[in-house]
Amino acid sequence: MSIETVAQNLVFGLFVGSMYGVAAVGLSLVFGVLKVLNVAHGELLMIGGYVTFWLFAVLRIDPFLSMLVTVPALFLLGVVLDRIIFRHVTRLTGEAKIKNSLLVSFGLSLILQNVVIQLFRADERSVQTSYSGTGLTAFGIVLPYTRLLILVIALVAILSLHTFLQRTYTGKAIRATAEDWEAAALAGISIQSVYLLTFGLGAALAGIAGTLVSVSYSITPSIGLAWTLRALVVIVLAGTGRILGAFPVGLFLGVAEALSATFIGPAYRELVGLVIFLFVLLLRPQGLFGRT
Amino acid sequence: MLEVRELAAAYGDLRVLWDISLEVHTGEIVVLIGPNGSGKTTFLRTVAGLHRPLSGDIRLEQTPIHTLPAHQIVERGIILVPEGRRLFGGMSVLENLELGAFTARARVKRHEMLKRVLDLFPILSERLHQRAATLSGGQQQMVAIGRALMGLPRLLMLDEPSLGLAPLVVQNIFEVVRDIGREGVTVLLVEQNARVALQLADRAYIVEQGRIVDQGTGAHLLADQHVRRAYLGYAPRAGTTTDRSASLRE
């Protein structure tokens, strides 16, 4: 096996991993702040993909450009979902909260899937731009333009989120709420507003991931669960409470899958993630970046 | 300033407060003492809006506040330093202090307040960029009080600020509380360390099993037989279990 083949697979692993990373950071943000596991996160991603597809198929808008519409639309959808559904769950405490969050979001994922089936039918869809299939070649490695853009957009999204959380007053309020919501309330932070904004941001990140997925894979209304599960594996690997730690772990998982497909065989691609998952849980249950 | 009437509170089926009525006047330092589990913490949490009362009402300058969410109570100037400090451990000391000034009212004055907090606790100037979780207990308590002051309290409520701290540090914390009181901030203090707290207090209430059983000036309660026996560790005859547990707490 040539070094180019390995390098090529490694690079493709990074491209795929950047999508895992963005999907996982959205889920991780909502989980870390609201302490709610949103099983419908994958469906939000799927809807992001369909909005991009629709804008492309009907209005001929470039998928990357259409993020200017998709991302705010998903943010709004997230805000509405928090306001009408998740607000009633976040008010609960302890076991009731986690159980209800699972039930409610699982129900929501079924509803969203069926709404999309009604609107778009269950056929596979994909976004083929004029530049799909073209790309650069460097050192014998092919770098398709769409994949490069995916990586760049993923990095920009995560760095913007990082800057927002670290530098702005609102971002700090979100981090404070994630650490201790009662102490945050005593500092004068409106917890409901933080939850609303955070759920919107989580959905917006799902929207970004959805767009990226729609230009690299075909989408159907049923892809959501697979993405939720993958995002869940990534955030557990990263360690819960490490919101942005999910991104490098997503990249890592993408690369690990790609390399195992190269060295062991494509059939083991999905398996390797779960094996890593198992070993991390056994040896380092707090996650790769978790603090004990 | 603060007027509480016939306040009752519970956790699920477990009744914690029965019929608490008390008043805090502007400029006073008022102390609540009582044994563990008597409902002092629940009382402060209820005033701060973290816990909804079963019945009764809480008024700030005649306006009822017990239906407001916690952040709006902070906006009105009632700020709680919670039991156990509850810092944002993963964030820096500076970020913790900045977050104390989150309300619009406090944010405009955050630079001058930060200077004042660092004057009160000079040691924190050297620790501003350290993660709050890495500080010692005493320094964490300073950050917790500092964070509350950043919110420009009119009524500052402190829940067991001396808990788990070395005697010298406790002394320092209480001196600061006294200074804060002298600068015109009204203080409502819950404290296990009854002797020190009563010396500081203008007035005090004794809470036992969710009810107010006695009240008076700090000096009056310091001289009271029951208070001396139960909370100050003076027993006419050593030996009863309540006396022993009270002196252990001392």
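Checking each residue in the range A:110-133 for being within 24 Å of A:GLY17 (Cβ to Cβ) and either touching a Ser or Thr at 6+ places or on another chain (Cβ under 9 Å) or among the acidic types (Asp, Glu) (or both) picks out A:GLU124, A:ARG125, A:SER126, A:VAL127, A:THR129, A:TYR131, A:SER132, A:GLY133. Of everything in the range B:46-68, what is over 19 Å from the mean Cα position of the chain (by Cα) and either part of a helix (DSSP H, G or I) or closer than 16 Å to B:THR103 by Cα (or both)? Give them in sequence order. Within the range B:46-68, B:LEU68 is the sole residue that qualifies.
Being surrounded by fewer than 23 Cβ atoms within 10 Å (Cβ to Cβ) and under 21 Å from B:ARG203 (Cβ atoms) is true for just one of B:VAL31, B:VAL4. Which residue is that?
Checking each option against the conditions leaves just B:VAL4.
Condition first: closer than 21 Å to A:LEU251 by Cβ, assigned to a helix (DSSP H, G or I) and not basic (Lys, Arg). Can you find one or more residues in the range A:51-69 that meet it? Yes, the conditions are met somewhere in the range A:51-69. Over 15 Å from the mean Cα position of the chain (by Cα), facing chain B (nearest Cβ under 9 Å) and outside any helix (DSSP H, G or I) - does that describe any residue in the range A:211-220? No, the conditions are met nowhere in the range A:211-220. Among the residues making up the range B:129-148, those that are touching a residue at least 60 places away in the same chain (Cβ under 8 Å) and within 12 Å of another protein chain (Cβ to nearest Cβ) are B:ALA144, B:ARG147, B:ALA148.
Candidates B:LEU189, B:LEU163: the one that is in contact (Cβ under 8 Å) with a residue 12 or more places away in the chain and more than 18 Å from B:LEU22 (Cα to Cα) is B:LEU163.
Return the total of residues in the range A:135-185 being part of a helix (DSSP H, G or I), open to solvent by less than 50 Å² (accessible area, probe 1.4 Å) and within 14 Å of chain B (Cβ to nearest Cβ). Qualifying residue count, the range A:135-185: 14. Is it the case that some residue within the range B:52-66 is free of Cβ contacts under 8 Å to residues at least 40 places away in the same chain, within 7 Å of chain A (Cβ to nearest Cβ) and not aliphatic (A, V, I, L, M)? Among the residues of the range B:52-66, not one is free of Cβ contacts under 8 Å to residues at least 40 places away in the same chain, within 7 Å of chain A (Cβ to nearest Cβ) and not aliphatic (A, V, I, L, M), which makes the answer no.
The values are calculated or read from the model by the stated rules, or taken from the named source; none is laboratory data. The shown structure was predicted, so the numbers you read here are calculated from the model rather than taken from an experiment. Positions of Cβ are generated from backbone atoms using ideal geometry, with glycine treated the same way; all protein chains shown enter the neighbour counts. All accessible areas refer to the heavy atoms of the entire protein, side chains included, with ligands and DNA or RNA removed. Shrake-Rupley method; radii C 1.70, N 1.55, O 1.52, S 1.80 Å.
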